[in-house]
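> One structure coming up, written as structure tokens, with questions to follow.
The values are calculated or read from the model by the stated rules, or taken from the named source; none is laboratory data. All of these numbers come straight from a predicted model, not from anything done at the bench. Neighbour counts are summed over all protein chains in view; Cβ atoms, including those assigned to glycine, are modelled from backbone coordinates with ideal geometry.
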Amino acid sequence: MAILKKSQILQGINDPKKVHIKSLDGELWMRPLSSAELDECDNIETKALGVYETNNKSKVQGRSLTNGESLQKGKVNVEKMNMAQQEATYTRIEKSLDNPKNNDDPWTIDDLKQLKRHQIEELEENVFELSGADITEKEIKEFPEDE
């Protein structure tokens, strides 16, 4: 087994692959995203979740909570959450398309917004797959069911 150098490992994110996009009936050069880039996009999504509070020492309707019970409340602005998810999706795709093979014809988020929804969904699936962040059918089947 060969000993890898850091430069060889990190080169992967700058190594675009030709990806067939069925919904576009063609191929695009896309690159995997680094862990930090995926985290950045995840943070875009979660910023819209707002505040979620838990309190273990409260009363519910005049009675004290028993050990193990907690009072929880949270507010979710669905519109903000949806907008943040869209922003994260476009950012993931734009980052993947931002690679040396596309330097002569760069993509912008405004360009991506002109595509159809199913095209965006397919592009994002490919970003996740290239980045090793996709959920496989096997993982879904192995997920323990609620009892």
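> What tally of residues in the stretch 2-19 results from selecting those that are surrounded by 11 or more Cβ atoms within 10 Å (Cβ to Cβ), at pLDDT 90 or above and either out of contact with any helix residue (DSSP H, G or I) (no Cβ under 8 Å at 6 or more places or on another chain) or not charged (D, E, K, R) (or both)?
2
> Among the residues of the stretch 25-36, count how many are over 18 Å from residue 101 (Cα atoms) and either aliphatic (A, V, I, L, M) or at pLDDT below 95 (or both). First the steps, then the outcome.
We begin by selecting, within the stretch 25-36, every residue over 18 Å from residue 101 (Cα atoms); these are 25, 35-36.
With the extra rule that they be either aliphatic (A, V, I, L, M) or at pLDDT below 95 (or both), the set shrinks to 35-36.
Number of matching residues: 2.
> Something else about it: Just to confirm my filter: which helices (runs of 4 or more DSSP H) fall fully inside the stretch 40-147 and include at least 3 residues that are more than 27 Å from residue 29 (Cα to Cα) and modelled with pLDDT of 95 or more? Show your work before the answer.
Working: elements: 78-97, 109-112, 117-131, 137-142.
Answer list for the stretch 40-147: none.
> If the Cβ limit is 9 Å and pairs must be 6+ apart or interchain, which residue in the stretch 111-131 that is without any contact (Cβ under 8 Å) to a residue 60 or more places away in the chain pairs with which residue that is not in a helix (DSSP H, G or I)?
These pairs meet every condition: 120/113; 125/134; 128/33; 128/134; 128/135; 129/19; 129/32.
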